[in-house]
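The values are calculated or read from the model by the stated rules, or taken from the named source; none is laboratory data. Just so it is clear, the structure is predicted and the values come from calculations on it, not from any experiment. When we count neighbours, we look across all protein chains shown, and the Cβ atoms used for this are built from the backbone with ideal geometry, even at glycine. Keep in mind that these areas ignore ligands, DNA and RNA; they rest on the heavy atoms of the full protein, side chains included. Shrake-Rupley method; radii C 1.70, N 1.55, O 1.52, S 1.80 Å.
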Amino acid sequence: MAGRVAVLGTGLIGGSVGLALAARGFDVVGFDHDESRLTRAKQLGAITEVAATLDAAVAGAELVIVAVPVGAIAGTVVAALDAGAAVVTDVGSVKAPVVFEVERTRPDASARFVGGHPMAGSEQEGVDGADPTLFVGCTWTLTPTSNTDERAYTLVLRVVRDLGAEVVTVTPSHHDELVALVSHVPQLAASPS
């Protein structure tokens, strides 16, 4: 199943995705606005090739994985779609606003976007904390919509499962409701009244 994947954003999660994919024989082209982080990702093997631009990273990739901060996800997904990305997914913790913005901005291309969120992390920071086994056994939520192309969804599903994750498919809004419960209820329970 190995092929060419672009990872946009080479921090902890993007670096972990890159390491895991490279270990499975994928060509992983990376792009990051932070050149030093991109260089470090290449040194660590989190990417096999450095792209100077987002367009160059996307060119020829069968899948683009957006691993940038949540506030920049929708814009980066749209930029990847505009650059001709075949299929795009992301790793952000918020889904409904991102999916809505992509569908609003690029209704003609949004079928090639499948929202995603690995429920994984680490106390480590940045690409130096990246771990190729981070996703093994974790839950990875995918949030296709009625607009999502079935082939795009199937490709993302196959790659995520290949990383060792357990996939749960829900709507973008349901994802956000569940994450809010998981994130906020324990904090509320622990807070003094």
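A few notes on this one:
- Length-normalised contact order of region 1-114 in % [C-alpha pairs under 8 Å, at least 6 apart]: 24 percent
- Solvent-accessible area assigned to carbon and sulfur over the chain amounts to 54 percent, based on a 1.4 Å probe.
- The label point for ALA72 and the one for SER122, both projected 7 Å from the Cα toward the Cβ, are 2.0 nm apart.
- Both the radius of gyration and Dmax for region 95-170 are 13.8, 39 Å, in that order, over alpha-carbon atoms.
- Gain upon complete extension [GLU177, THR105; 0.36 nm per residue less C-alpha separation]: 23.5 nm
- Separation of the GLU166 and ASP149 label points, Cα + 7 Å toward Cβ, nm: 3.1 nm
- Near the amide H of VAL168, within less than 5 Å, lie the amide hydrogens of TRP140, THR141, LEU142, all on another chain or at least 5 residues away, with H placed in the peptide plane.
- Share antiparallel - DSSP beta bridges, region 1-159, percent rounded to 5: 20 percent
- Which labelled figure in (i) 1, 9, 17, 22, 22, 15, 8, 3, 2, 1, 0, 0; (ii) 1, 8, 15, 18, 17, 13, 10, 8, 5, 3, 1, 1, 0, 0; (iii) 1, 7, 12, 14, 15, 14, 12, 9, 7, 4, 2, 1, 0, 0 is P(r) over Cα pairs in 5 Å bins from 0, in percent, once derived from the coordinates: (i)
- Interchain or long-range residues, amide H under 5 Å from THR148's placed H: none
- Per residue value of the accessible surface for the chain (all protein chains in place, 1.4 Å probe), Å²: 46 Å²
- Going by accessible surface with a 1.4 Å probe and the largest first, ASP34, ASP90 read ASP34, ASP90.
- Each Cα pair under 8 Å and six or more residues apart adds its sequence gap; the mean of these over the residue count of the chain is a relative contact order of 21 percent.
- Gyration tensor analysis over the Cα atoms of region 49-127 returns equivalent ellipsoid semi-axes of 20, 17, 10 Å (largest first, whole Å).
- Our helix-only sum for the chain, with -39,500 (n - 2.57) per DSSP H run of n ≥ 4 divided by its residues, gives a mean residue ellipticity at 222 nm of -13000 deg cm²/dmol.
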